[in-house]
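The values are calculated or read from the model by the stated rules, or taken from the named source; none is laboratory data. These numbers were taken from a predicted model, which means no experiment stands behind them. Quick reminder, even Gly has a Cβ in these numbers, built from the backbone with ideal geometry, and neighbours come from all protein chains shown. These area figures cover heavy atoms from the full protein model, side chains too; ligands, DNA and RNA do not enter into them. Shrake-Rupley method; radii C 1.70, N 1.55, O 1.52, S 1.80 Å.
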Amino acid sequence: MSEIALRNVSRQFDPEHYGVKDFNLDIHDKEFVIFVGPSGCGKSTTLRLIAGLEEITDGELWIDGQLCNYLEPKERGMAMVFQNYALYPNMTVYGNLAYALKIRKVPKKEIQERVHQVAKILEIESLLDRRPSALSGGQKQRVAIGSAIIRKPKAFLMDEPLSNLDAKLRAQMRVELLKLHEQLGTTMIYVTHDQTEAMTLGTKIVVMKAGYIQQVGAPAKIYNNPINLFVAGFLGSPSMNFFKCRIKAEADNRVALVMEESGQGKKFYLSDPLTKRMGITANGRQVILGIRPEDIYDEDGARELGIMDQTENMEEIVVNREMTGAETILYFDEQNKTHAVRLKPENKTQTGDKIKLYFDMEKIHIFDPETEKNLLYREEVQ
Ligand SMILES: Nc1ncnc2c1ncn2[C@@H]1O[C@H](COP(=O)(O)OP(=O)(O)O)[C@@H](O)[C@H]1O
Ligand SMILES: [Mg+2]
């Protein structure tokens, strides 16, 4: 069992500077939770607060119904795995795995059994006699994870554990971590700055920025229903496109978003339900329109979807083209930024060519430029 609850937890480093502020989160037994956000947003600090390696200056940390603010790290039953392995270089793999049990005076026979059991799970049985210097990065990381597993902790706290591995190995280890989580059923809190990793690993992700939680939820829910401009832009690759627009009330109660600056004359019509959901649609109001690359279509795609009449005059020059096999990504410039469109591989538009584009207006997001809040955010979806 491990239920971890953080209530208004803060870590203040000096009078004006917080590592994390007012952090509120419930982590349930067996959950795989990801803290994600750019460097310096407070992910490691929060993890260290849970582990007891950092002092909580305000708020409460509860583990299994017990207030833990002042509990020593070893009394909290957490196991940390770091990015730089933290293995003892002069001990063998066996010694490294056995170490935590030895200092807890676990009988030798039981240590032997548990080392072999863990080595088997991680497929490192053949490496038990080697020293860390004779291991690859991936193997070292397995041993580091093994020495955490062997202690049967209440929860694993992992701080960017895969960031020193190359891309291929990282992808493979992600799959293994998921399997491991399923096999052990132990709560995991995993820190990463990599949004792809967060999207693929987590059942619950916590998006952070500058010491504050921005949004908590299942990856797909946050992706489809971001609470603000930051979250919308942070998750997804290529990231969401943003266009400065102005609201224009037209005849027959139609409401259009008219692109500003370089995009003069390009128009996108809101559906009635969207207009209602947005609340204030005052004529002339400035907004930011957000749309993901996969929600923009070429002529064929737009005709198929029946969305051709929602976009006017959106013709763009392709500045770059990427063909991945499964899709074609085209790039175009507008408002001094490069934007992306994800199309079917059949689209043969080349760099330098013009292309007509159509927005799926059911998939757009509208942000207030002042508050950066998503005006179409749906509370009930979270
Ligand atoms: N011991 C410390 N003293 C002062 N500031 C710190 C200390 N540790 C971290 N910070 C600051 O707290 C913020 C969050 O840091 P951190 O939790 O390491 O971010 P992340 O892990 O998300 O990159 C950063 O601005 C960092 O500089
Ligand atoms: Mg960190």
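Tabulated values for the structure
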quantity	calculated
Segments 295-306, 193-204 sorted - mean Cβ within 10 Å per residue, highest first	193-204, 295-306
Inverse of mean 1/r across different Cα pairs in the stretch 242-376, Kirkwood, Å	15.3
Accessible solvent surface per residue of the chain, calculated while the other protein chains remain in place, 1.4 angstrom probe, Å²	49
Y212 paired with D58, simple spin-label distance in nm, labels 7 Å along Cα-to-beta-carbon	1.3
Computed lengthening from D272 to K221, 0.36 nm per intervening residue step minus Cα-Cα distance	16.0 nm
Simple Cβ-charge dipole of the chain, Lys/Arg +1 and Asp/Glu -1, about Cα centre, in debye nearest 20	1540
Surface share of carbon and sulfur [accessible, 1.4 angstrom probe, percent] for the chain	48
Mean separation of Cα contacts under 8 Å (6+ apart) over length of the stretch 242-376, as relative contact order %	28
Most mobile of R292, R174, R254 in a GNM of the chain (Cα contacts under 10 Å)	R254
Per-q log10 I(q)/I(0), the chain, q = 0.07, 0.12, 0.13, 0.14 Å⁻¹ (Debye; single scatterer per alpha-carbon; no solvent)	-0.42, -0.97, -1.06, -1.14
J(HN,Hα) series, the stretch 359-373, from Karplus relation 6.51 cos²θ - 1.76 cosθ + 1.60, nearest Hz, glycine and proline x	8, 7, 5, 6, 9, 6, 10, 10, 10, 7, x, 7, 7, 6, 6
The stretch 230-283 versus the stretch 108-149: alpha-carbon centroid distance in Å	55
Distance (nanometres) between label positions extended 7 Å along Cα→Cβ at E362 and E72	6.0
Packing rank of 265-277, 225-237, where each peptide gets the mean count of other beta carbons within 10 Å, highest leading	225-237, 265-277
Percent of C-alpha pairs per 10 Å bin, the stretch 1-125, short to long	11, 34, 30, 20, 4, 0
Point-to-point label distance, K344-D29, nm (Cα→Cβ direction, 7 Å offset)	5.0
Rounded to the nearest 10 Å², the accessible area of R285 at probe 1.4 Å	50
Residue with peak Gaussian network fluctuation, the chain [Cα springs, cutoff 10 Å], from T281, T186, T324	T324
Phi to ³J(HN,Hα) by Karplus 6.51 cos²θ - 1.76 cosθ + 1.60 over the stretch 58-69, Hz, x for Gly, Pro	7, x, 10, 10, 10, 10, 6, x, 10, 6, 10, 3
Positive-end extreme of charge dipole, the chain - chosen from L71, A5, S163 (charges on Cβ)	L71
Computed magnitude of the charge dipole of the stretch 287-362 (debye, nearest 20; Cβ of K, R +1, Cβ of D, E -1)	260
